[in-house]
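Structure record follows, encoded as structure tokens.
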Amino acid sequence: STTDPDSTYATKGGPARLGYYDNYLVDNASCVIVGVQATPARLSQESVAARDMIERYRERYGYLPQTLVADTTYGNGEMLQWLDERGITPYIRVKEGPNTPPDLYGIEKFTYVPEENCYLCPAGKRLNYVGINKRNRAHRYYSTVKRCRGCGQKPQCTRGKFRTIAIHTCEAARQKADEVAKTPEFAVALRKRRKVEALFAELKNYIGLRRLRLRRMRFVREQFYLAATAQNLKRLVRFLSCKPTPQMATA
């Protein structure tokens with residue numbers, strides 16, 4: 001087997017037109033494709049495909065990858081939380097939501113009070129918890145018009161009638177991924193991720209799969225499997241042609 005749990009694994013979804021994505025899970029050390037999945041051409045399906053390919057990888061090899069590198073499309077909170085629960089280090093940039101304007105107070109200016117599940121603004125006024133916004137999957141904390149009306153720091157805090165704070169439901173995993181992105185290993189992993197990009201270039205320019213020959217998901221899946229098999233056979237020829245390194249004789 002050319003796969004190694006300690007090496008970096010990359011996942012990527014590439015468009016093949018006609019409304020489908022080809023998703024690869026690649027062992028970066030050997031550039032061998034270890035997972036393939038066809039999905040509809042929707043960005044939300046790429047994270048689903050990555051989770052499915054990793055689970056199938058575990059069923060086949062008996063262990064999970066230790067690290068995973070991917071582009072920002074996979075940096076949503078749910079995907080990062082899923083990886084964190086399985087002990088997989090994500091070399092993925094966090095997919096940020098709408099940022100606070102730079103001239104207003106950021107979340108770091110507010111103090112969380114876990115006993116009461118509320119935040120205190122720089123002026124010491126409460127922002128109470130009001131529930132989860134299902135659209136952006138974030139915990140919402142609201143102040144009130146009465147509390148913010150006469151506050152001297154309101155121009156630096158909000159342009160609305162009162163201040164609100166949104167905390168993602170998977171914020172802990174997002175923060176961990178953000179810390180990983182500041183490490184030297186992260187930059188190395190990004191350079192290694194170029195190998196999976198090269199595989200999609202090979203798929204289109206050399207194998208000729210710029211357009212799918214057949215439609216419907218089961219036929220599309222077969223085409224992607226055959227293309228990945230052809231790419232892996234090319235690497236197998238390279239591995240077999242490598243001459244073994246002669247061993248030094250020892251007394």
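The values are calculated or read from the model by the stated rules, or taken from the named source; none is laboratory data. Quick caveat, the model's predicted, so the values are computed rather than measured. Every residue, glycine among them, receives a Cβ derived from its backbone with ideal geometry; neighbour counts consider all protein chains shown. In case anyone asks, the SASA skips ligands and DNA or RNA and just uses the protein heavy atoms, side chains included. Shrake-Rupley method; radii C 1.70, N 1.55, O 1.52, S 1.80 Å.
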Evaluate the Kirkwood expression for the hydrodynamic radius of the stretch 57-191, namely the inverse of the mean inverse distance over all pairs of different C-alpha atoms, and round to one decimal in Å. 17.0 Å
Which cross-chain or sequence-distant (5 or more) residues have an amide H under 5 Å from the amide H of residue 32, H modelled 1.01 Å from N in plane? 27
Could you identify which residue out of 53, 217, 79 has the top mean-square fluctuation in a GNM of the chain using Cα springs shorter than 10 Å? 217
Probe 1.4 Å, heavy atoms of protein chains only: per residue, the accessible area of the stretch 36-151 in Å² is 56 Å²
Within the chain, what is the longest stretch that has no GluC sites (Glu not before Pro) placed in a DSSP loop and near at most 15 other beta-carbon atoms within 10 Å? 117-251
To test your reading of the geometry: what angle, between 0 and 90 degrees and rounded to tens, separates the Cα axis of helix 44-61 from the longest principal axis of the chain? 50 degrees
For the stretch 155-251, which chymotrypsin sites (Phe, Trp or Tyr not before Pro) are in a loop by DSSP, counting at most 14 other Cβ atoms within 10 Å? 206
With the Cα gyration tensor of the stretch 146-251 giving a ≥ b ≥ c as the square roots of its eigenvalues, does the rule (a/c under 1.5 for rounded; else a/b larger than b/c for prolate; else oblate) give rounded, prolate or oblate? oblate
Express in whole angstrom the spacing between the alpha-carbon centres of the stretch 179-206 and the stretch 42-105. 15 Å
Which semi-axes, in whole Å and largest first, does the equivalent ellipsoid of the stretch 50-106 have when worked out from the alpha carbon gyration tensor as the square roots of 5 times its eigenvalues? 30, 9, 9
Which whole-number percent gives the relative contact order of the chain, counting Cα pairs below 8 Å spaced six or more residues apart? 19 percent
Angle in degrees between helix 171-180 and the longest Cα principal axis of the chain, rounded to the nearest 10: 60 degrees
Other-chain or far-sequence residues with amide H under 5 Å of residue 41's (modelled H): 20, 21
Largest fluctuation, 69, 32, 188 only, Gaussian network model of the chain with Cα springs under 10 angstrom, belongs to 188
Taking 2.2 N^0.38 Å as the expected size of a compact globular protein, what ratio does the Cα radius of gyration of the chain give against it, to two decimals? 1.32
What FRET efficiency comes out for residue 56 versus residue 216 if R0 is 25 angstrom and r is the Cβ-Cβ distance? Round to the nearest 0.05. 0.70
Over 31 Å between C-alpha atoms is what I'm after, so list which of 95/195; 176/234; 125/176; 146/176; 192/234; 134/204 land there. 176/234; 146/176; 134/204
With a cut-off of at most 12 other beta carbons within 10 Å, and DSSP calling the residue loop, which trypsin sites (Lys or Arg not before Pro) in the stretch 141-208 qualify? Please list them. 159, 161, 182
Using helices alone, what [θ] at 222 nm do you get for the chain, with -39,500 (n - 2.57) per DSSP H run of 4 or more residues, divided over all residues and rounded to the nearest 500? -11000 deg cm²/dmol
How much of the accessible area of the chain, probe 1.4 Å, is carbon plus sulfur, in whole percent? 53 percent
